[in-house]
Amino acid sequence: MKSLFSVLALGALLLAPLSGIAAERSVFNTGDLIKSPTNSAVYYFASNGKRYVFPNDKTYFTWYNDFSQVKVIPAKALSAIPIGGNVTYRPGRKMIKITTDPRVYAVDQGGVLRH
């Protein structure tokens, strides 16, 4: 009986940090914009449990008009979410001109450039 209690106590100690992250996770949902209080980077929290970073404000503003929907979460909770990649320009919202190419491109789904 003593060894069972020891195993249960050890399990509770090991899971305690995870339960804190789970509690912090309850303040945001799939599709939310999140950031930490110590950094200006904004992320999109996707249904696959990953966060996608907006690489710059130009990309962000092809999707949103302002920062009013961004939720600030603890840095520890943010760091526990794996990064999935970058958010690309919203398809159909931005034209791209490359200085070494005379053509103009539209940004399509997945960040693909279409002439």
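The values are calculated or read from the model by the stated rules, or taken from the named source; none is laboratory data. Bear in mind the structure is a predicted one, so any value in this text is a computation, not a measurement. Glycine also receives a Cβ, built like all others from the backbone with ideal geometry; neighbour counts cover every protein chain displayed. Accessible surface areas use protein heavy atoms only, side chains included; no ligands, DNA or RNA. Shrake-Rupley method; radii C 1.70, N 1.55, O 1.52, S 1.80 Å.
General observations
- Count of residues meeting criterion [part of a helix (DSSP H, G or I) and of a type in the set (Ser, Thr, Tyr)] in the stretch 50-65: 2
- Among the criteria (1) closer than 19 Å to Gln109 by Cα; (2) among the charged types (D, E, K, R); (3) modelled with pLDDT under 95, the one Lys76 does not fulfil is (1).
- Residues that are touching a strand residue (DSSP E or B) at 6+ places or on another chain (Cβ under 8 Å), β-branched (Val, Ile, Thr) and open to solvent by 70 Å² or more (accessible area, probe 1.4 Å) within the stretch 76-103 comprise just one, Ile83.
- Condition broken by Ser68, with the remaining ones in (1) open to solvent by 70 Å² or more (accessible area, probe 1.4 Å); (2) without any contact (Cβ under 8 Å) to a residue 12 or more places away in the chain; (3) not in a loop (DSSP other than H, G, I, E, B) satisfied: (3)
- Pairs with Cβ under 9 Å, 6+ apart, first in the stretch 76-96 and in contact (Cβ under 8 Å) with a residue 40 or more places away in the chain and closer than 13 Å to Phe45 by Cβ, second among the polar types (S, T, N, Q) and open to solvent by 50 Å² or more (accessible area, probe 1.4 Å): Leu78/Asn39
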